[in-house]
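Okay, structure first, notes after.
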Amino acid sequence: MTVADVRGLGSLDQRSGLTVLPVPAAPDEPRLPRARRYLMCPPEYFEVAYAINPWMNLGVVVDRAEAMRQWQELRRTYERLGHTVEVITPEPGLPDMVFAANSGTVVDGRVLGARFRAPERAAEAEHYRRWFGENGFRDVVMPACTNEAEGDFTWTGSVLLAGTGFRTDPAAHGEAQEVLGVPVVSLRLVDPRYYHLDVALFVLAEGGPGRSPLVAYLPDAFSPGSRRVLARLFPDAVLATEQDAACLGLNAVSDGRHVVLPLEATGLADQVAARGFEPVFVDVSELRKSGGGPKCCTMELRA
Ligand code: ARG
């Protein structure tokens, strides 16, 4: 007979007097990758020409050739993992257009476009809208409220997590629910370094029938109420450290098995490896000068 230890620290076997280590309720399932379709934009005109987040320092020198090499490597990484990468043509004068995630939220082939908070980025939304139109997306709606798309919206397979606090208007959350027809859960971001949801949280494995999604996040990036919401929805989440979040480690992309993340996020890589995922490191040091990482450069086109 054993006496359960509710804190999960082990249990005492009363016959032998030995402490028995806790066995996880369900052993980690096999992590199966699913082929994805991504949209990316080469950093041809990338620079730090304005500062709209704490990562952007005016006067910082960007090595554009190196940014391009890092971007190419990210693209090749996806292709090597079996994913399809579509490419949109970059536009001069739009240095942040490389951050494709901000220009659309696509679920079940339905597209909700973007409306940027910063006037410097406003024109990007129309270029992406046109791309959707020319590439077979029939159902494209442009938002009325400020909406930075997958920067602040994350699909978990069952609900759409929606960030607000710095960029996306909370009213855009209701708009997303109505347009995409999926349940939306609002989350409030409180740390200006983590100004978008996709630098504070990512989905490791999507949920499905009878299976809850697995996410990783930095609790301190969220308001106390949102932290309670996250704990309630995702009791077994990977909780990242400040150190891993501070290299934009949470701006990661998972296909259900492989987790593409910045090479500095070594602690997070160990944590996800312990849950059965395979970390795949990429160098995003140039793109980080604008506050972006792998996920920012990647919009998922969900059929
Ligand atoms: N410089 C860009 C901005 O501040 C970075 C956007 C990063 N994208 C993202 N999905 N978090 O808007």
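So here's what we get for this one:
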read-out	value
Leading residue by the ranking (nearest to the ligand (Cβ to nearest atom)) among those in the stretch 186-203 that are in a loop (DSSP other than H, G, I, E, B) and touching a residue at least 40 places away in the same chain (Cβ under 8 Å)	HIS196
Pairs where the first residue, in the stretch 130-149, is touching a residue at least 60 places away in the same chain (Cβ under 8 Å) and the second is among the hydroxyl-bearing types (Ser, Thr, Tyr) and in a helix (DSSP H, G or I), C-beta under 9 Å, 6+ apart	TRP131/SER103; ALA149/SER103; ALA149/TYR128
Near pairs, Cβ below 7 angstrom, 6+ apart or cross-chain, from the stretch 32-56 (closer than 28 Å to ASP191 by Cα and acidic (Asp, Glu)) to any residue that is assigned to a loop (DSSP other than H, G, I, E, B) and more than 10 Å from the ligand (Cβ to nearest atom)	GLU47/VAL62
Residue in the stretch 223-235 that is under 20 Å from ARG31 (Cα atoms), within 12 Å of the chain's Cα centre (by Cα) and more than 16 Å from the ligand (Cβ to nearest atom) present	no
Matching residues in the stretch 259-291 - criterion: being in contact with a Leu (Cβ under 8 Å, 6 or more places away or on another chain) and either β-branched (Val, Ile, Thr) or within 19 Å of GLU86 (Cβ to Cβ) (or both)	VAL259, VAL260, VAL272, VAL280, VAL282, VAL284
Selected residue (only one of ARG193, ARG211, ARG188 is of a type outside the set (A, V, I, L, M) and farther than 14 Å from GLY165 by Cβ)	ARG211
Residue list for the stretch 62-104, filter: more than 16 Å from the ligand (Cβ to nearest atom), surrounded by fewer than 18 Cβ atoms within 10 Å (Cβ to Cβ) and either on the phi > 0 side of the Ramachandran plot or not in a helix (DSSP H, G or I) (or both)	ASP63, LEU81, GLY82, THR84, VAL85, GLU86, VAL87, THR89, PRO92
One residue from SER254, SER285, SER226, SER290 being under 27 Å from VAL111 (Cα atoms) and touching a residue at least 60 places away in the same chain (Cβ under 8 Å)	SER290
Pick from the stretch 105-128, criterion of a type in the set (A, V, I, L, M) and part of a strand (DSSP E or B), ranking: farthest from ARG302 (Cα to Cα)	LEU112
Matching residues, the stretch 47-78, being under 30 Å from GLY109 (Cβ atoms) and not aliphatic (A, V, I, L, M)	TRP71, GLN72, GLU73, ARG75, ARG76, THR77, TYR78
Answer residue from the stretch 129-178, given it is assigned to a loop (DSSP other than H, G, I, E, B) and β-branched (Val, Ile, Thr) and is surrounded by the most Cβ atoms within 10 Å (Cβ to Cβ) among those	THR168
Residue satisfying all of: in the stretch 113-155; within 15 Å of the ligand (Cβ to nearest atom) and of a type in the set (A, V, I, L, M); nearest to GLY293 (Cα to Cα) among these	ALA149
Breaking point among (1) more than 18 Å from the chain's Cα centre (by Cα); (2) within 16 Å of the ligand (Cβ to nearest atom), for THR168	(1)
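Rule-based calculations on the coordinates, nothing more; no lab input. All values reported here derive from a predicted model rather than from experimental measurement. In this analysis, Cβ positions are derived from the backbone assuming ideal geometry, glycine residues included, and neighbour counts consider all displayed protein chains.
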